[in-house]
Each structure stands twice: as C-alpha cells, then as structure tokens.
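Derivation of every value follows stated rules applied to the coordinates shown; laboratory data play no part. What you are looking at is a predicted structure, and each value in this text was computed from that prediction instead of being measured. Please note: Cβ atoms are built from the backbone with ideal geometry, for glycine as well, and neighbour counts cover all protein chains shown.
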Amino acid sequence: MEGTETLNIHIISRLSAQTSMRVLTFGWEFPPQKNGGLGVACHELTKELLQDGVEVIFVLPKTQETIGDARFLFADDERLVKVLHADVSLLPYMQGDSTIDVIVGYDSEGKPIIRSRTIIEEAHRFAHQAAIIAKTEEFDVIHAHDWTSYLAGVAAKIASGKPLILHVHATSYDQAAGNNVDPAIYKIEKESFAMADKVVTVSEFTKNIVVNKHHAPAQNVEVVYNGCHMNETAKLPPTLAELKRQGKKIVLYHGRISIQKGVDHFIRAARRVVDVDPDVVFIVSGSGDMLTQVIEQVGAAKLSNNVKFAGALWDEERDRMYQAADLMVMPSVSEPFGLVPLEALQHGTSSLVTKQSGVAEVLTHALKVDFWDVDEMANQILASLRYPAVRRQMVAEGREQMRSMSWKVAAQKMQQLYRSLLQFVTS
Amino acid sequence: MLTVCPYFHVHQPYRVKKYRVFDIGNDTEYFNDSSETDLNNRRIIEKVANKSYRPTNKILKELLDTHPEFRFNLSFSGTVLDQFEAYAPDVLESFQELVATGRVEILADTYHHSLAFFYSVPEFKRQVQKHERRIKQLFGVKPRVFRNTELSYRNDLAKWCEDNGYLGIMSEGWEKYLGWRSPNYVYRPAGCSKIKVLLKNYKLSDDIAFRFGNKEWVDYPLNADTYANWIHAHHGDGQTVNLFMDYESFGEHQWEDTGIFDFLRILPEMVLRHPDTGFKTATETVEAYEATGEYDVPDILTWADTDRDLTAWIGNDIQRDAIEATYKMEEMVMKTRKRDIIENWRKLQTSDHFYYMCTKWSNDGDVHAYFSPYQSPYEAYIAFMNALGDLQLRVSQVAMERELKQQASEINKKAEQTNYPDVTKPPDEKATHEAPEPQSTQEPEPEPRREGWWGKLINKVPFFKSPRQQRTSS
C-alpha cells in the first residue's frame, strides 16, 4: 500500500444537521455466512445505523450473499479489479501465516487458477482495493472492523483524507492467549492504531490490551459494548433427553476450540467436578485447532464418560443444546466480548464466565471466575448445579438486564464518535 | 420540653469465608477466613475498632463526663460482643465504662442479629433470651426496650414485646403508617395496651448517618450549630427527637475526614444551648411521655432503603432460598443438642449473609455493593449454601449416630438383663459440649474423594442418611 502519501487534511465536510452521514465501512465477514461473532456484530450495528438515517457503504473482501439494506461493495468485483474469487472463507481468527486457497484467475479453458495466499497477503490485497474504492465513493468517515480490515481502513484514509475509526473486536493477544503473539498481526494492529483517529474496543478489558500492549493513547480509545437481542425463543424439541432421564446434569461449552477459549482449563475443572459428582456431563460443542489436544486431554483425565464432543453446532441444533444445558461455561483466557452467555440466556440457561471477558463487565447475572482458577471454576459449577435457585435467578434477572444492552445504544455511541471526528475536521 | 433520644446500633456479623463445595464434610470452620480481604472477621474488627469504636467511645466518654445531662442508647448484637471479646477486648471495656455511668441504656435485641421473628418465634425467643443473659453478664443491666434487626417491626412483634414485659420498642417513623402525624411523639402499637413505640426521625437521623459527608448534598458541610437548630425547630410540635443510626456511622461510614468526630464532640453542647432541651434514654422517654395515638403496622417495616422493607434481605430468589433452607433445619438442629452445631446454625442466621446476596442494583443496590465483602451476590450465596450444606451433613450425622446408639442399646437390653446406664437418654448441652467425639485429637485422614459414593452422598444433603467413614472416626 502507498503509505508514503501525505494526508489531505483540507477536507471540509459536507455534513450538516440535515444531510445524512455516509460511512465507508470495511468488514471481513457478514451474515448469512456462518463465522464468529464479528459478522453478527457488523450486521447488527449496520442495521441500527441505517435505521438512524446513516448511510452505510459496506465493503467486503469477496463477493458473498448478504442481508440487510446497506449498499455492499465487494473488493473482488470485476469492475474494480481484474480477478480474485476466494473459494473459502477468510477466517480472521487464523494466524497471519495461515494459508488459504484463492482463485487468482482463469486459464484459457475457463478453469480457475488456484494459488495459496497468506491471510496477510489477502489483507494487503483488500487494502489495495480499498484505496481504489475510497477514491471513487463519496463518504464522510471510515469505519473498519477487525484487524483484517485495518489496512483497508488506513489505505482508504490515505486515499481520501477522511477520518478513520478502527473497531477492535479481537486482538492478536486474545487469539494467542498472551503467548506467541503473531508478530505480523501485532505489527498491523499497532501501526494501524497509530494511524486511526479513534480506536473503538468492545470492552474495557480489550481497551486495556490496546493501551498497554499496543500503546494506543488511552484518550483515543473508546469502549462501545456490543448489543444483543432479547428475543423470546421458542421451546425446541429436547435434545440429550436420555441423559436427562438418567438424572445427568449438563454443562455446555460452545465455541471454537483454541488456546484463546480456555477449553483445557474447562476440562481440568470437569475433572474436579466429576470427582465430587459423577452425574455431570460436559458437552463440548465446536471445532478448532486444539480439538485433538483436548480430546487427548479428556482421555488422559479418564473423562471419556463425562465429556462428550458434539462437533460444531449451528442454528437450531445449537439452540437445542443451549436449552438442554443446565449451565453454560465460557472459560476464555482472553475474550474481548463474548456473546455466548447472552445467547444462552435467550434460551433460559445461565452461565459461568471468566473475568477475562468483556461480557463480564456488562452482565451482572453470571458466575465469574479467573480462567486459571480451576478449583473455583469447579466449585461454582458444582454449587450452581446443586442449588437451582441461583440458576433460576441468574436467568430471570439476566434476561431483564439484556433488554438494556441493545445494538441501538451501540449505534448511537458510534454516531457520536462519527460526529466528533467530523467536527474536528471542519473546525 | 423537648428531649433527644440518640441510639447507636453496634453490629458486626461473622462473615462466611469462601467455603467451597469441596470443603463440605472436611471443614467445620465457616467463619475463619484469614486472608487480606474483607471476609477476614478479625481484620474487620481491628479495622473498624481503629476507625470507629475506639475514637468514638473516647468522645462519648468525654461528653458524658462534661455534660451531666447527656445520655444515649446502645444496642449490640451478640456476634459483635463475641468478636470484641476475642479480637479487641479493650473496645468491650470502653463500652462497659460508658454503660457504668448509668446514663447509657442498652436495648434488647436478638443475639445473632437475625430475622428469626418472621420465620420462627420460638427460635427468636431463644435468641432474645440468650442476648439478655449476655448483656447481664457483660454490663450488669437488663434491657427494657426492644429493637429488632434492621429495625424491622410489625404489630405482632410489638405485641410479643408487650407480652414479654418490655416497656418500649423502636421502629421507623414512616409516612405510610404515620400519615400526617409527627414521628416526634410516643405512640401505642396497634393491638397493645401498655407498650409504647419510639419512632425514628429518619430525616434528622439520616442527615448524620448517610448525608453528612456527601459533597453533593445542599446542606454540606453540616455543622453542629445548624443541626441543633433543626432539632430545636421541633419545639412546640414534638416531645422527643429519636436519632437512630448505626454506631459505625461515626468513623466508618462517615470517615474522620468528613469532620464527623468534631461534629459529635460539639453536638450535645449545641443541643443543650436551648434552655428547654435535654437528652433522655429510651426507657426515660417512654416513661416520660404518654402515647398520643396508635401506630398500626400490619406489614414488615424496616429502616432500610427507599422501600423501608426487607427486600434488601429477602427480595430475590437466592435470598429466600437461603433463608428458608436455614430455618427449615430448626427442628433437626435443636434435636442434636450440640452447642457447636446450634451456634453455627445461629451464626448463619445473621441477616448480613442475606444482604450480601441482594441484587437490587438501582440506587439502593449501590449501598449494598459497598457493604458486601463478596465479589458478587452469587459468590455470597454459594459460600453460604456450601457452609449450610456442611452443617446439614453434621446434623444428619448426629441424628444417625443417635439412632445407631439407640439400636445398640436396645439390642444390649434384650441380650443381657444387666444394669448398664441408659445411653438412650439425651445428654444435656453442656455435657456434649465438653465431651465431643472421643478421638477428635487425631488428624482426620484425607477424604477419599474419588469414590463414587462420596459425590452421591454430598448431593443427598440435607436428608443425608448413609454412614460416613470420616466423621464417625474423627
């Protein structure tokens, strides 16, 4: 990317109270594609912004199906660049040197030419196209979600001179759980934060990482908590009925199986729990790079009868599991926000979360432990299973609390930030 | 004539340590936290003694010495007296010196600062009697005016107090029940004919207890001169101004840097400056004034929060679950006749445990969060229920041992017609206390936790019936 270009700061915003604001947004994934919470957050925030009259131009790295009313641009569009159709999802949770297969063109017979690229190469490609888009589109402010879009945001800022907001949904520190932070990703984060007019994090927990590890000035970092929906959910056909009939209690883990998510601590706590109460069954729902290791750990701990692997569950299957569970555990070592306990609450299931999570800052009605305190995690799991009143109350009051965590509030906070940056430019 | 009736409530609970599920069956010490947190009861007593009890008692003693007209009331929970005795005997002595002047009255109370009246009147009565014995032993006086935990009050409580010989009882002066009437008179509880009720003037009381150090308050900073004028303003429309508050308002809730001690030091002089103003103890007040009307409180009234009810203690599911589980054990606990079991059970009745489980997070909730030593209401509940679970196990254990002994003695009787002593006769409290299980000096062996039966037993509490190796052998 052309990092040497000087910033054009003589921009006078066209914005007034009457005219609507236009935001050029860069994201990496978007529903209905099934990835992590990032796509959901982008969609919900966009939806609320549109309702408030903000125009959103949403740029995605490759052509995909989308939902909602934003105007979508795809960075692999023939109009903008010659080739490039990715045939797999570009998961932002991958390490920087993970490779993905990308269609780079077509041969004379029309067959796709597939090359391996690293995700960082893809991020750079995205940035290159972002600069082209930024020169052709009209907009007031740039908003880039997650590290794979930071370079695109920075490129768009350099190309257009418009203010840039980087939205941190996760950091390299979270994904590495503090160890072996990917230096290439860290470099992109740190340099991009330095270029941003504002950095938005989804929790104080993440703000602390961005300030302490990436040395972003604290006054430049704003916390905008994710929202959620408190939908009344239908009672689905029960799952695990046989286990329940046998009087087993179900403790659920749902999420990726990676070092960040602390599943290994969860299994150690399971050992402590089963020592006291052999009638507890732990369901691990999800997949990831630590799956084999966790399966081996379960075997070594002689927990095969008490820990079941359900694979990655989505939609109704996942919801049925939420409804079957007596308790949901989110054992994350480092979780910028963590929507899973809120999803569980929608299905009437209470949660134990780690204090190393953003959701712990906004959800009062959950059990909270330090991720490393396996004994206390086991104690709270056992206690909550023994004393059902505590689970009932966390569900009743937690659901009440969720009603105040709307995406509308998040969108309003974002608009305030947009405006504050525009005022800065015009003055 | 206008008199002021100050009353300071002294209380500290035995906070339950972070008692885990794994401790059930292995640890009968629920209150011995020794960490650097606010769960460490000794540490709290030492801290509050330095911040509040010692400096405040010094000032109160000076005031009694300087002003022969000055008098006030104190109430103590038994749990705070026990902790003074153990951790700060000099504080206890300084209270004894105050009472020895004859101008400091001690009020009747429940020993364990409990809400027993609303759950079990027999247990309530036992706690009041135990409290009375303790006050007699430490201070040589017999309380004649009653105050209940958190100033909780209801018509039937007043009736109980009347039937048990008390001259007066204290309550909140709340508009819902007072209507247009003033709290600055003495009233007759509905359904009673002799006893009188003293009503807290919450406006003037809370000016000191809650608002004194609040910089946002329009009357901040409050000086004793102004405050005495507010009291004097009631000349002509009242007989007694009842200032009821936590003793710990002085130095602990309102820190020294708010000027609270200087305020206290000068207040009696300012009050007495007005010629027709004096101080009275609670008994003197109820004896001096006739009841001017009836105070009819059919539902529980307390001095807490904006609702003046018990919702901060029993307002949510976990609080009700915990308190109901506690009182459900009464019969089984009393049957054991084991002093340590009964005492542990009573310590768990202290209202503070349920207060820590409060989830009212509005304006009221902030106050609760400040006063809780736990990181969350759920943590408080879990520690409490685990401790209660262990107590249930001990109770079942005793019942089971009794049963086995009885069976054995019956078999013996049938087998041999000899004159063995009757072991089925229940031993008295003292005897069992002094003669605990015989091999108790031996260290119990580590619990064989990994066995399946163990987890199953744990989950069968409270009506645990199966034999348990550890406890029978230790």
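Summary of computed values
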{"item": "For A:LYS249, distant residues with modelled amide H under 5 Å away", "result": "A:VAL280, A:VAL281"}
{"item": "Cβ-based net charge around A:ALA218, under 13 Å, with every Lys or Arg adding one and every Asp or Glu removing one", "result": "+1"}
{"item": "Hits among lysines - C-alpha to C-alpha of B:LYS58 under 21 Å, sequence gap 8 or more where chains match", "result": "B:LYS47, B:LYS280"}
{"item": "Backbone HN-Hα couplings from phi across segment B:271-277 [Karplus 6.51/-1.76/1.60, Hz, Gly and Pro as x]", "result": "5, 6, 4, 6, x, 9, 10"}
{"item": "Chain B, dipole about Cα centre (Lys/Arg Cβ +1, Asp/Glu Cβ -1), debye to the nearest 20", "result": "1400"}
{"item": "Inter-label distance, nm, simple model (7 Å from Cα along the C-beta direction), B:ARG42/B:THR66", "result": "3.7"}
{"item": "Sequence-distant aspartates and glutamates (8 or more away, or on other chains) whose Cα lies within less than 16 Å of B:LYS142", "result": "B:GLU105, B:ASP109, B:GLU132, B:GLU162, B:GLU284"}
{"item": "Relative contact order of chain B, pairs being alpha-carbon contacts under 8 Å that are 6 or more residues apart, as %", "result": "19"}
{"item": "Formal net charge of residues neighbouring B:ILE44 (Cβ-Cβ distance under 13 Å; K, R +1; D, E -1)", "result": "-1"}
{"item": "At R0 = 51 Å, FRET efficiency that the Cβ-Cβ distance of B:ILE411 and B:ASP156 yields, to 0.05", "result": "0.55"}
{"item": "Pairwise label distance in nanometres, A:ALA234 with B:ASP340, each label 7 Å out on the Cα-Cβ vector", "result": "5.9"}
{"item": "Cα gyration tensor shape of segment B:2-295, rounded if a/c is under 1.5, else prolate or oblate by comparing a/b with b/c", "result": "oblate"}
{"item": "Pairwise centroid distance, computed over Cα atoms, of segment A:191-224 with segment A:361-391, Å", "result": "30"}
{"item": "Neighbourhood net charge (12 Å Cβ-Cβ; Lys/Arg +1, Asp/Glu -1) for B:GLU294", "result": "+2"}
{"item": "Most to least packed among B:152-158, A:183-189 [average Cβ atoms within 10 Å]", "result": "B:152-158, A:183-189"}
{"item": "Within straight-line cross-link reach of A:LYS261, lysines at Cα separation under 18 Å, skipping those fewer than 8 residues along the same chain", "result": "A:LYS308, A:LYS355, A:LYS368"}
{"item": "Over segment A:146-189, relative contact order from alpha-carbon pairs under 8 Å, at least 6 apart, %", "result": "43"}
{"item": "Karplus-derived HN-Hα couplings along segment B:233-241 (A = 6.51, B = -1.76, C = 1.60, θ = phi - 60°), whole Hz, x at Gly and Pro", "result": "4, 8, 4, x, 10, x, 10, 9, 9"}
{"item": "Length released on extending from B:GLU403 to B:GLU324, taking residue separation times 0.36 nm less the Cα-Cα span", "result": "25.8 nm"}
{"item": "Other-chain or far-sequence residues with amide H under 5 Å of A:ALA310's (modelled H)", "result": "A:VAL284, A:SER285, A:GLY286"}
{"item": "Quotient of Cα Rg and 2.2 N^0.38 Å for segment A:241-402, N being how many residues it contains", "result": "0.93"}
{"item": "Alpha-carbon Rg with Dmax, taken over segment B:247-334, Å", "result": "20.6, 59"}
{"item": "Additional length obtainable on full extension of the chain from B:LEU272 to B:GLN137, 0.36 nm per residue less Cα span", "result": "45.2 nm"}
{"item": "Whole-angstrom Cα spans of segment B:180-269 along principal axes, big to small", "result": "47, 27, 25"}
{"item": "Relative contact order %, segment A:241-402, counting alpha carbon pairs below 8 Å whose residues are six or more apart", "result": "24"}
{"item": "B:VAL218 paired with B:ASP90, simple spin-label distance in nm, labels 7 Å along Cα-to-beta-carbon", "result": "4.5"}
